[in-house]
Amino acid sequence: MSTNEKRQAGEAAIRYVEDGAIVGVGTGSTVAYFIDALADLKDRIQGAVSSSEQSTAHLKRVGIPVLDLNSTGSLSLYIDGADECDPHKRLIKGGGAALTREKIIAEASDKFVCIIDSSKLVNVLGKFPLPIEVIPMARSLVGREIVKRGGNPVWRDGVVTDNGNWVIDVHGWQITDPVGLENDLNQIPGIVTVGLFARRAANVVLVGDKVL
Ligand code: 5RP
């Protein structure tokens, strides 16, 4: 993990922000650098749609208006980090438990620019345990379904998402068909969001200040 590359990526993402934009903003330590850089442009943008209470607090602290996605309509740009990124720009996200709102904003955005350091690059997704947000009463059911599929589910005990749900981290999967797995898991009742961003992958990946 390179803090320097995270800072470079967060600052490099600024070049995608157009005057008058409403920017979708993800969550995490790399995004924190982006928010700090965005603060310098705050008079040139309308505001941001935030993916977490953590990012909302940061955006407000630096004076960027936080807008409601239901009022803004679709967005031109979403900036967010990731836990893993494969050569097709498919991602694992949710290490910070913000995956549901992140996936909503990614879906609502024309362009998703993912900002990472080089430690996040992998050939096959799955070394980083796959986060899944679940309705609390479905935790055991979802766990059993994951075991049937060869995964090892571990409850992120003590973590409650911004939506009041729980997170299961799945260890032991080599995800060779990310779209297929995402579609399959999306059918299990009680799963709110799978931290695979494969159906809607990133459009651009910045590794430090370099475009992948
Ligand atoms: C939060 C996320 C983050 O984007 C991911 O965990 C990467 O975080 P960081 O930039 O701190 O390494 O998905 O839910």
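The values are calculated or read from the model by the stated rules, or taken from the named source; none is laboratory data. What you see is a predicted model, and the numbers here were worked out from it, not measured in a lab. Here the Cβ is made from the backbone with ideal geometry for all residues, glycine too, and neighbour counts use every protein chain on show. The accessibility values were calculated without ligands, DNA or RNA, using every heavy atom of the protein model including side chains. Shrake-Rupley method; radii C 1.70, N 1.55, O 1.52, S 1.80 Å.
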Failed criterion for residue 51 (all others in (1) away from the ligand (no atom under 15 Å from the Cβ); (2) buried (at least 21 other Cβ atoms within 10 Å of the Cβ) hold): (1)
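Mind checking which residues of segment 87-98 are more than 10 Å from the ligand (Cβ to nearest atom) and under 17 Å from residue 132 (Cα atoms)? Outline the logic, then answer.
Taking segment 87-98 as the starting set, the residues that turn out to be more than 10 Å from the ligand (Cβ to nearest atom) are 87-90.
Once the filter is applied, which keeps residues that are more than 10 Å from the ligand (Cβ to nearest atom) and under 17 Å from residue 132 (Cα atoms), segment 87-98 yields only 90.
Of all residues in segment 126-149, how many are more than 13 Å from the ligand (Cβ to nearest atom) and in a strand (DSSP E or B)? So that I can check it myself, show each step before the final result.
The first filter runs over segment 126-149 and keeps only residues more than 13 Å from the ligand (Cβ to nearest atom), leaving 126-127, 134-149.
Filter once more, keeping what is in a strand (DSSP E or B): 134.
Of the residues in segment 126-149, 1 are more than 13 Å from the ligand (Cβ to nearest atom) and in a strand (DSSP E or B).
When you check residue 84 against the structure, is it within 11 Å of the ligand (Cβ to nearest atom) and either open to solvent by less than 50 Å² (accessible area, probe 1.4 Å) or in the same structural domain as residue 113 (by TED's automatic domain parsing) (or both), yes or no? Spell out how you get there, then give the answer.
On the way: within 11 Å of the ligand (Cβ to nearest atom): yes; either open to solvent by less than 50 Å² (accessible area, probe 1.4 Å) or in the same structural domain as residue 113 (by TED's automatic domain parsing) (or both): yes.
When the stated conditions are applied, residue 84 passes them.
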Within segment 70-78, is there a residue that is within 9 Å of the ligand (Cβ to nearest atom), closer than 22 Å to residue 15 by Cα and within 17 Å of the chain's Cα centre (by Cα)? no
When segment 99-125 is examined, which residues are found to be open to solvent by 30 Å² or more (accessible area, probe 1.4 Å) and more than 14 Å from the ligand (Cβ to nearest atom)? 107, 110, 111, 123, 124
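Okay, residues lined up against (1) at pLDDT 95 or above; (2) open to solvent by less than 30 Å² (accessible area, probe 1.4 Å); (3) touching a His at 6+ places or on another chain (Cβ under 7 Å):
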residue: 1; (1), (2), (3): no, no, no
residue: 4; (1), (2), (3): yes, no, no
residue: 15; (1), (2), (3): yes, no, no
residue: 21; (1), (2), (3): yes, yes, no
residue: 28; (1), (2), (3): yes, yes, no
residue: 33; (1), (2), (3): yes, no, no
residue: 36; (1), (2), (3): yes, no, no
residue: 57; (1), (2), (3): yes, no, no
residue: 67; (1), (2), (3): yes, no, no
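Results for (1) of a type in the set (D, E, K, R); (2) without any contact (Cβ under 8 Å) to a residue 40 or more places away in the chain; (3) open to solvent by 60 Å² or more (accessible area, probe 1.4 Å), shown as yes or no for each residue.
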position	(1), (2), (3)
142	no, no, no
150	no, yes, no
168	no, yes, no
180	no, yes, no
187	no, yes, yes
196	no, no, no
212	no, no, yes
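Filter the strands (runs of 3 or more DSSP E) completely within segment 152-212 down to those with at least 1 residues that are within 15 Å of the ligand (Cβ to nearest atom).
Values: elements: 152-155, 166-171, 191-194, 204-207.
It comes to 166-171, 191-194, 204-207.
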Is it true that residue 6 is among the charged types (D, E, K, R), in contact (Cβ under 8 Å) with a residue 40 or more places away in the chain and part of a loop (DSSP other than H, G, I, E, B)? no
